[in-house]
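Structure record follows, encoded as structure tokens.
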Amino acid sequence: MRRRNFIKGALVGISWPQAETLFKSVRFQQKGGNAVSDAPRKRLRELGIQIGTLEPGPCNAITDVDGVKVGHTTIVKGDGSQAVRTGVTVIFPHSGNIYEEEVFASSFILNGWGEMTGMARLEQTGKLETPIFLTGTYNVGIVYDAAVRYLSGINPEMGISDKMLTPVVAECFDEFLSDARSRAISKEDVFQAIMNAQGGSVEEGGVGGGTGMTAFGFKGGIGTSSRKVDGQYIVGVLVMANTGSRDQLRIDGIPVGKEITDSHSKTGKTKSIILIAATDAPLLPYQLRKVSKRVALGLAQTGSISHTESGDIILAFSTANRILRKKAGPFHNLKAINDFWITPVYQATVEATQEAILNALTSAQTMTGRDGNTAYGLPLGQVKAIIRKFKRIRE
Amino acid sequence: MNNGKEIIGRMKHRMGKFSPGKKNSITDIQGVRVGHLTVNKDVLDPSGQSVTVRTGATAVIPYPAEREMRIFTGSFILCGKGEVTGYQVADDFCYLNSPIVLTNSFSVGKAYNAILSYGFDLGREETWPPFIIGLDDSFLSDMKKSTLDEEQILSALREASKELVEEGSVGIGLGLRAFGWKGGIGTSSRVITMGNEQFTCGVLVATNNGNPRQTKNTGSDGDPTTYPDDSLIIVGGVDVPLVPYQLKLIAKRLVLSESCLHRAENYSSSVVCILFSTANPMSMENQGPRVFDMQVMDDKLLEKIIQAGTEAVLEAIIRSLLKAAPVQGKSGRVLKTIPDDEIGKLLRE
């Protein structure tokens, strides 16, 4: 259902060749994507499981932060050794031109076995000046190139008489399900994701950059969640989950992974997770760094131990202060939350992170990919039964 | 006596683009005060051994200390060697809520206690965490037996004034050694004009760094080149409205500005820089508004502040050397004031 909305949404305002590309990818998706039948997927909350105590925003998604938009391109084609299960997800921090209006940002690298481009500049300037792209490891160069083309296209002076940008492109390794070495993504795919970007509900699971990802021994991918803070602010988190082993998986504190009894769970090594937090609370970069660290706490609550070969990279941004590039005069009038009132933002961050990761698992469908490798969707019936057994179900 | 003015005049291309403030001192920033306590004595310890005490404390009070508030800070440590207390809050929460005290490494605990007492005495809820930087002055001083007491640190804090800052072998500067010559305290400031407004950037340095090989000064006791380098401390302040990432960026640059006095072999010095902005004071814990409105300078103007700050750091380092009167310390060691031509070498004129 959600997928159909996605296609409809994507067709608005794009040319026919682009639409054709999109149809092609959808056709491939139907042919190769859902090789194994699977129970209908749900979000964690639809299973009756609530994380924490704070209330989610209207879409329970990063897009609840006003202006934040998310777009996916999903590429599913071929079988056997040439199976491609990859894609790209783009997050726009606000609806204006981010080149002209920067927002404050910071990061935290829990485990540096991964790539997030643009970090040197982001940490130096304390600002996010580009959309954020999430993709497969070997696609980074192509996505980066497309991002530069896109940004220089809408900002003609970029790199000529005005500042150059370093786009933020982050990756996880999707080689279990996809022929990653083929780098079967094109700049058109990236432009497509940009065009698909919209507010409202976000498609989750094996879509966009999350297409080929696996997590906690199951099919992983994109997940998102949000929390309201004091009825005033929103914190939203979006993850691309490709980390964790099955034994570690915990849902709301319950060791669900250890209790699942079915035998198919091999999804290769644990890899990485990229976590993006957005808020409309007025935070300065040093405060966003502290929020980034709380994102890591949310990750820990899903049972992840940040494996040696897991690139666990976190970026947080605040949309409250817009730094105008062409500001006349030397000063900006900004707002900053009082450090001693920031704790509710931390709580929202930890809760939303945990739920976003779990949403990626509950939303992702079983997928068969490269060399017949299959990543199974988290068995929702079993999960429910296990949580009920632990008397933690809310009905 | 050296002619500091002449040397600084000669170096105008490197430290004279911006004009100094009225006092050419960190106290040119509104509200900033500096106090020294100097202890220069030879005493006998209980076992009858003579103890050479060449130490002290230097306090920088960045804002009227009785006021319950905090200010933004940015810090950078290149190769940390000594103690820096209060650093976790300064680095993570990026604020300063305490005077800054420079003293010898063995007096850090006493200084910690003294800053807390100082705050309580002023009626503050707390001045925590105290920001203390420990320096190793053991080349001239019997540091292990020269622990200052709380009263002595308190007197440096209480006597802090906004007047002209005494420089050279004073306060913690008494026992310091830099480039094989007498080191000490130096200060300088620069005025920065932005639009119709004037701002001040001021620094205070304690020079206890620099390898003697650089100036070929062998000193009087064996081969002082084998004596370990310690640290250069830079305490800087601005009244420009800056937020932490900007202050940290400038702090890094100020640390770098010192490197032009170094040669490649001089690898072991540590540099500690703490920079604060008095422009956006904030209320303390659970007080004040949930959200602060603040004016913040545009990043494009950072370069100007970095230039001005770099000039001030260079001049403060030179002044700390030029103003440092010779001191005789333990084991008959003497550190002399750096001669003018050696300054030239140091600056690689």
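Taken over the range B:329-349, the criterion of being within 16 Å of B:MET143 (Cα to Cα) and of a type in the set (S, T, N, Q) is satisfied by B:SER331 alone. When the range A:81-127 is filtered for residues that are small (Gly, Ala, Ser), open to solvent by 10 Å² or more (accessible area, probe 1.4 Å) and in contact with a strand residue (DSSP E or B) (Cβ under 9 Å, 6 or more places away or on another chain), the ones remaining, listed by number, are A:SER95, A:GLY96, A:SER107, A:GLY112, A:GLY114, A:GLY118.
Taken over the range B:277-326, the criterion of being more than 7 Å from chain A (Cβ to nearest Cβ), in a loop (DSSP other than H, G, I, E, B) and surrounded by fewer than 24 Cβ atoms within 10 Å (Cβ to Cβ) is satisfied by B:THR278, B:ALA279, B:ASN280, B:PRO281, B:MET284, B:GLN287, B:LYS323, B:ALA325, B:PRO326. Cβ separations smaller than 9 Å between residues 6+ apart or across chains give the following pairs from the range A:193-209 residues that are within 18 Å of A:TYR144 (Cβ to Cβ) and touching a residue at least 60 places away in the same chain (Cβ under 8 Å) to residues that are assigned to a loop (DSSP other than H, G, I, E, B) and open to solvent by less than 20 Å² (accessible area, probe 1.4 Å): A:ILE194/A:PRO131; A:ALA197/A:PRO131; A:GLY209/A:ASP174.
Sort out which residues of the range B:88-120 are within 14 Å of chain A (Cβ to nearest Cβ) and either within 25 Å of B:LEU148 (Cα to Cα) or outside any loop (DSSP other than H, G, I, E, B) (or both), and write them in order of number. Matches in the range B:88-120: B:GLN88, B:VAL89, B:ALA90, B:ASP91, B:ASP92, B:TYR95, B:LEU96, B:ASN97. Among the residues making up the range A:270-303, those that are in contact with a Lys or Arg (Cβ under 9 Å, 6 or more places away or on another chain) and among the small types (Gly, Ala, Ser) are A:ALA277, A:GLY303. Considering the conditions (1) buried (at least 21 other Cβ atoms within 10 Å of the Cβ); (2) assigned to a strand (DSSP E or B); (3) more than 14 Å from chain A (Cβ to nearest Cβ), B:ILE77 is excluded by exactly one of them, (1).
Is it true that A:THR166 is more than 23 Å from A:GLY200 (Cβ to Cβ) and at pLDDT 95 or above? It is false that A:THR166 is more than 23 Å from A:GLY200 (Cβ to Cβ) and at pLDDT 95 or above.
With respect to (1) touching a Pro at 6+ places or on another chain (Cβ under 9 Å); (2) more than 30 Å from A:PRO379 (Cα to Cα); (3) more than 14 Å from every other protein chain (Cβ to nearest Cβ), the lone exception for A:ALA352 is condition (2). Checking each residue in the range B:103-126 for being surrounded by fewer than 24 Cβ atoms within 10 Å (Cβ to Cβ) and not hydrophobic (A, V, I, L, M, F, W, C) picks out B:SER105, B:GLY109, B:LYS110, B:TYR112, B:ASN113, B:SER117, B:GLY119, B:ASP121, B:GLY123, B:ARG124, B:GLU125, B:GLU126. Quick check, is A:SER245 among the polar types (S, T, N, Q) and more than 30 Å from A:SER81 (Cβ to Cβ)? Judged against the criteria, A:SER245 is not a match.
Being in contact (Cβ under 8 Å) with a residue 24 or more places away in the chain and over 18 Å from the mean Cα position of the chain (by Cα) narrows it down to one of B:VAL51, B:VAL34, so name that one. The unique qualifying residue is B:VAL51.
Only residues that are touching a strand residue (DSSP E or B) at 6+ places or on another chain (Cβ under 8 Å) and either surrounded by fewer than 24 Cβ atoms within 10 Å (Cβ to Cβ) or within 21 Å of A:VAL68 (Cα to Cα) (or both) were counted in the range A:231-248, giving 10. Starting from residues that are aliphatic (A, V, I, L, M) and facing chain B (nearest Cβ under 7 Å), keep the ones in the range A:321-346 and report whichever is farthest from B:GLU197 (Cα to Cα). In this case the residue turns out to be A:ILE337.
Would you be able to say whether some residue in the range B:327-337 is assigned to a loop (DSSP other than H, G, I, E, B), among the aliphatic types (A, V, I, L, M) and open to solvent by less than 10 Å² (accessible area, probe 1.4 Å)? Scanning the range B:327-337 turns up no residue that is assigned to a loop (DSSP other than H, G, I, E, B), among the aliphatic types (A, V, I, L, M) and open to solvent by less than 10 Å² (accessible area, probe 1.4 Å).
Looking at the range A:351-392, which of the residues that are assigned to a loop (DSSP other than H, G, I, E, B), touching a residue at least 40 places away in the same chain (Cβ under 8 Å) and out of contact with any Lys or Arg (no Cβ under 7 Å at 6 or more places or on another chain) is surrounded by the most Cβ atoms within 10 Å (Cβ to Cβ)? Checked the range A:351-392; the qualifying residue surrounded by the most Cβ atoms within 10 Å (Cβ to Cβ) is A:LEU378. Answer with yes or no whether B:ILE132 is crowded, with 22+ Cβ neighbours inside 10 Å and either among the basic types (Lys, Arg) or part of a helix (DSSP H, G or I) (or both). Answer is no for this residue. The number of residues in the range B:54-73 that are open to solvent by 10 Å² or more (accessible area, probe 1.4 Å) and either assigned to a strand (DSSP E or B) or aliphatic (A, V, I, L, M) (or both) comes to 2. When each of A:LYS219, A:LYS228 is tested for being charged (D, E, K, R), buried (at least 19 other Cβ atoms within 10 Å of the Cβ) and out of contact with any Lys or Arg (no Cβ under 9 Å at 6 or more places or on another chain), the lone residue that passes is A:LYS219. One residue alone among A:ILE274, A:ILE305 is surrounded by 24 or more Cβ atoms within 10 Å (Cβ to Cβ), more than 14 Å from every other protein chain (Cβ to nearest Cβ) and closer than 22 Å to A:ALA356 by Cβ, and that residue is A:ILE274. If the condition is being open to solvent by 10 Å² or more (accessible area, probe 1.4 Å) and either outside any strand (DSSP E or B) or at positive phi (or both), then the range B:175-204 contributes B:GLY195, B:ASN196. The requirement of being surrounded by fewer than 24 Cβ atoms within 10 Å (Cβ to Cβ), away from chain B (no Cβ under 13 Å) and among the aliphatic types (A, V, I, L, M) is satisfied by A:ALA296. Residue check: A:PRO282 meets all listed conditions (1) open to solvent by 20 Å² or more (accessible area, probe 1.4 Å); (2) within 14 Å of chain B (Cβ to nearest Cβ); (3) in a loop (DSSP other than H, G, I, E, B) but one, namely (1).
The values are calculated or read from the model by the stated rules, or taken from the named source; none is laboratory data. Since the structure is predicted, the reported quantities are computational estimates derived from the model, not experimental observations. Don't worry about glycine lacking a Cβ; one is built from the backbone with ideal geometry, like all the others, and counts go over all protein chains shown. Surface areas here come from the heavy atoms of the whole protein model, side chains and all, with no ligands, DNA or RNA. Shrake-Rupley method; radii C 1.70, N 1.55, O 1.52, S 1.80 Å.
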